[in-house]
Amino acid sequence: MRKILIITILIITCVNSFAQTMMQSQYGTSASGMSSDRFDRNGNPIDTTAVVDASTVPVGLSSWTIDERFGNRIQVPVDTLQFGFQNSNDNGGPTGHFTHLGNLGSPRISHVFFERKETTQEFFTDPYSFSYDTPGTVKYTNTKSPFTNLTYYKLGSSRRAEEQFKAYFAVNVNKRLGFGFDIDYIYGRGQYLNQSTAQFNGNLFTYYHGDKYEMHFNFINNNYKVTENGGIADDRYITHPLEMADGKRVYKSYEIQTNLQDIWNKNTGYHAFLSHRYNLGFYKDESSENDTIVKEVFVPVTSFIHTVKVDMNTRRYISQNDKQNREYFQNNYLGNDSTDMTKYMSVKNTVGISLREGFNKWAKAGLTAFVSFEHRRFSMTDSINGTPGQFMRDYKENTLSVGGQLIKSQGKTIHYDVLGEIAVLGEDIGQFNIEGKGDLNFRLFNDTVRLDANAYIKNIKPTFYYRHFHSKHYWWDNDLSMITRTKLEGKLSIDRWRTQLQAGVENITNYTYLDNTSVGYTSSNDARTKTYKNDVAVRQNAGNIQVFSAKLRQDFKLGILHLDNEVVYQKSSNSTILPLPDLVLYHNLYIRAGLAKKVLTVELGADVRYFTQYYAPDYAPAIGQFYLQNPETRYKLGGYPLVNGYLNIHLKRTRIFVMMYNLVQGTGERSYIFAPHYPLNPRAFKFGISWNFFD
């Protein structure tokens, strides 16, 4: 970690110096790009174009991501925000919505159903949403001077520490052309045995914004290695620690026995993405209300769009302990020394033509038609132990789809985006997606009120790895029906009241999930002991499942005292197949004050994360996925308040926090276990520091 940190700082320093010299000679004193919008806690935009304090956000600095279908820009905040920095690398999410295995970078799944993303073809990296990069998450930056951010986090002592180092660099060659890179390295040694995580994410990006030609490109590399321990051998080490040593001692976390050892899941991924378009239009003279200088502005009328996305992932499962394999798992389809590996590759091209919004007073909305073709290839082991000629088998799939989009993004009052797509040929024929979202903004009692709505109806073919999977311990080939999902959701936001109310309902037909089919048997040396050997199967529920969810965010402020609150209520119509906690809560009580002429901002407080008890998903280490608990051994988890106390400091370009994690450990049953047999980290000291450099 220290070597990576030093080398990265040296590289960034050299590049930064060169870029500053280059920009002084070529860039001039003005910058083009998008306005520097930032967003409040409710996700509503705040105009910061008037900000002139270079210690916060320099004029001309803006950031955005792009959608992977058309390459449209989506504005995001520049990484200079001071609020909530102490929660910016919490594996459970900033408001504690995720079940995870404890260690930083470990697999996770949200308690809140509406936040769970659909299973993708990159099946094995879906649970690593905390850190996994995709082309749609890459942040592009337009800046008058080189922009650099260095961030470092650490929890616990060096022997068992979790560490994360992040570096971001962006520079413009001129007003239209920019490039940069992003590095994210996680090394979690683990507070418990056989639990380490080592993850590297790196991406390179560039863009060009001309009047007639626009382009975005990024290349991403992901490398994940996670040690699987199968959870602790007995939950009483956490829930009733004195019982485990006849009241004589309490075991340290790294002394607790785990179910597995010497097992690893490794994922290596590469992503390349190019989006570009050619615009037809005309130039017109334009001047602002306070500026008498007339400028020639290009107005696009029609755009020809092309995007290409290439994804590759190799997943290896490594376990060579034959005794352990036989005792813990129900099946061992491959030899002990065999390679348990699967590969995935996808190439997707999308071409479209767009009539642009706003090129004249009659063009109130933009209209886009597009065609997509995707080729997918999967490779996996295809012979069972004892069968001669073990080999890798390829599965190839092709899909052709067509669609259209109607969008209105300009103006202040109403915006909407409606998109439809249907697969007309290939593996996914019959799959379709119709989705729409919109917002209405208006003034009420001298306040701004925003109404948002989104809805969709989807007919989805289950991902390949639900249909086919061959490995050391799990083996299936399934003929699955299409999944139908229908959702309607609305949101009311009142900024002045610091209020946001959101509610929605979703219906799912043929809900597809991973079931726990572990088989129990009676131990030969103790007739009272029943042991279960791990097994997993894919299931579909032929009926309908409805999920209702409502969320309230309400913040209060009295002088320097703040109380932020979030309450989520949800209900599943089939809690056996789709268990959910009824309530998910987050509360943050703190004081916030500006010192030294408001150059220094200090936050001192504590927050709590809580969810009601439910049959939380179990975790299958041999596939790296969450699945249902075994109905014969299942038990409820939750009802534990995870409390963190913190001090957050923002001084000009530097952010620092110190935190005591899991403050209430030692009270009640101490049941800080969110996934079966996987406790969270015990009480530990944590800190983080982030520097921004604008020149």
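Only one of Leu552, Leu558, Leu563, Leu514 is aliphatic (A, V, I, L, M) and closer than 29 Å to Gly438 by Cα; which?
Exactly one residue qualifies, and that residue is Leu552.
Only one of (1) outside any loop (DSSP other than H, G, I, E, B); (2) under 19 Å from the mean Cα position of the chain (by Cα); (3) of a type outside the set (A, V, I, L, M); (4) farther than 30 Å from Ser409 by Cα is not met by Gln75, so which one is it?
Every listed condition holds for Gln75 apart from (4).
Conditions tested, residue by residue: (1) buried (at least 19 other Cβ atoms within 10 Å of the Cβ); (2) touching a strand residue (DSSP E or B) at 6+ places or on another chain (Cβ under 7 Å).
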| site | (1), (2) |
| --- | --- |
| Glu122 | yes, yes |
| Thr125 | yes, yes |
| Gly136 | no, yes |
| Lys144 | yes, no |
| Thr148 | yes, yes |
| Gln164 | yes, yes |
| Val171 | yes, yes |
| Gly180 | yes, yes |
| Ile183 | no, yes |
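Name the strands (runs of 3 or more DSSP E) wholly inside the stretch 89-193 in which the number of residues that are farther than 27 Å from Arg316 by Cβ is 2 or more.
140-142, 147-155, 162-172, 177-188
Among what's in the stretch 571-610 and is small (Gly, Ala, Ser) and more than 21 Å from Leu637 (Cβ to Cβ), pick the residue that is nearest to the chain's Cα centre (by Cα). Quick ask: steps written out before the conclusion?
At the first step, the residues of the stretch 571-610 found to be small (Gly, Ala, Ser) are 572-573, 575, 593-594, 596, 605-606.
After this cut, where a residue has to be more than 21 Å from Leu637 (Cβ to Cβ) as well, the list is 573, 593-594, 596, 605-606.
Details: Ser573: 27, Ala593: 31, Gly594: 32, Ala596: 37, Gly605: 26, Ala606: 25 Å.
Residue satisfying both the conditions and the ranking: Ala606.
What's the total number of residues in the stretch 458-497 that are surrounded by fewer than 16 Cβ atoms within 10 Å (Cβ to Cβ) and acidic (Asp, Glu)?
2
Just to be sure before I move on: is Leu580 outside any strand (DSSP E or B) and in contact with a strand residue (DSSP E or B) (Cβ under 8 Å, 6 or more places away or on another chain) in the structure I sent?
Working: outside any strand (DSSP E or B): yes; in contact with a strand residue (DSSP E or B) (Cβ under 8 Å, 6 or more places away or on another chain): yes.
So Leu580 passes the test.
Among the candidates Tyr474, Tyr465, which residue alone is at pLDDT 95 or above, of a type outside the set (Val, Ile, Thr) and under 30 Å from Lys323 (Cβ atoms)?
Going through Tyr474, Tyr465 in turn, just one is at pLDDT 95 or above, of a type outside the set (Val, Ile, Thr) and under 30 Å from Lys323 (Cβ atoms): Tyr465.
Where residues in the stretch 489-527 are farther than 27 Å from Lys551 by Cβ and in a loop (DSSP other than H, G, I, E, B), which of them is modelled with the highest pLDDT?
Applying the filter and picking the extreme gives Thr517.
Output the residues belonging to the stretch 528-556 that are more than 30 Å from Val568 (Cα to Cα) and at pLDDT 90 or above.
Asn534, Asp535, Val536, Ala537
Can you pull out the residues in the stretch 611-661 that are touching a Pro at 6+ places or on another chain (Cβ under 6 Å), over 27 Å from Asn267 (Cβ atoms) and touching a residue at least 60 places away in the same chain (Cβ under 8 Å)?
Listed by number, the list holds a single entry, Phe611.
Could you count how many residues in the stretch 136-152 are of a type outside the set (A, V, I, L, M, F, W, C) and closer than 28 Å to Lys309 by Cα?
Looking only at that region, the number is 9.
Condition check: surrounded by 12 or more Cβ atoms within 10 Å (Cβ to Cβ), among the acidic types (Asp, Glu) and in contact (Cβ under 8 Å) with a residue 24 or more places away in the chain. Does Asp262 satisfy that?
Against the criterion (surrounded by 12 or more Cβ atoms within 10 Å (Cβ to Cβ), among the acidic types (Asp, Glu) and in contact (Cβ under 8 Å) with a residue 24 or more places away in the chain), Asp262 qualifies.
The values are calculated or read from the model by the stated rules, or taken from the named source; none is laboratory data. Nothing here was measured: the structure is a model prediction, and the numbers come from that model. Glycine also receives a Cβ, built like all others from the backbone with ideal geometry; neighbour counts cover every protein chain displayed.
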